[in-house]
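Laboratory data are not the source of any read-out in this text; all were calculated from the coordinates shown. A quick note: this is a predicted structure, and the numbers were derived from the prediction, not measured. Note that we place each Cβ from the backbone using ideal geometry, even for glycine, and neighbour counts take in every protein chain shown.
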Amino acid sequence: MSSKKKRNTSSRAAKVQRQAKAHAARSTRPTSPEIAAFPATLEALKQALAVGHLPMLCSDGQVRQLTYDQMRDHLNASFTADGEPPLSPGELARFLANDLTSGEMAMRTDGVWVTSEDYFAMPEVQP
C-alpha cells in the first residue's frame with residue numbers, strides 16, 4: 001500500500017503568523033498607561049537618542065557607546081533574516097519604548113543602559 005507524502009504547511013503558516021504578529025507589535029503604538037509608569041526613564045531614553053548614542057552594558061561586561069544606527073542596523077539584519085520588512089523611520093523609537101515598558105531594557109542608576117538584546121553581536125548569516 002502506497003501512501004503519498006504531503007507537505008506540512010503548518011510550519012510555514014505558523015512562521016507567517018509569527019511574522020505578522022511581530023510586525024503588528026512593532027507597528028502599534030504603546031498604550032498610555034504603560035508609558036506613564038516610566039516618565040523619567042522614557043525622557044532619559046529620548047534625550048540619549050537625541051544625542052545619537054546610549055552607554056550600553058555589553059555581554060562581556062564592558063560599557064560601550066551604542067549608536068542609533070547600530071541599533072537600527074542590528075534589528076534590520078535580524079528582521080531580514082526572518083524574512084520580515086525592515087524598520088520604518090519612526091519605528092525604532094517605538095520599538096525601544098516597548099522594550100523599556102516591558103522590562104527588556106532598563107537604565108541603571110549610573111546612567112548605563114542594559115537590555116536583553118545583544119546589539120553588539122554579529123548577526124547570524126543565513127545560508
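Here are the numbers:
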{"read-out": "Projected label distance in nm at Ala22 and Asn76, using a 7 Å step from Cα toward the beta-carbon", "value": "1.7 nm"}
{"read-out": "In sequence order, calculated HN-Hα J values of region 71-85 (Karplus, 6.51, -1.76, 1.60; Hz; x Gly/Pro)", "value": "4, 4, 4, 4, 5, 4, 5, 5, 5, 5, 4, 8, x, 9, x"}
{"read-out": "Stretch gain in nm, segment Ser59-Glu91, where the contour uses 0.36 nm per residue and the Cα spacing is subtracted", "value": "9.0 nm"}
{"read-out": "Total formal charge among the other residues, if their Cβ is under 10 angstrom from that of Met56, Lys/Arg +1 and Asp/Glu -1", "value": "-1"}
{"read-out": "Fully extended contour minus Cα-Cα distance, from Leu49 to Lys15, at 0.36 nm per residue", "value": "9.0 nm"}
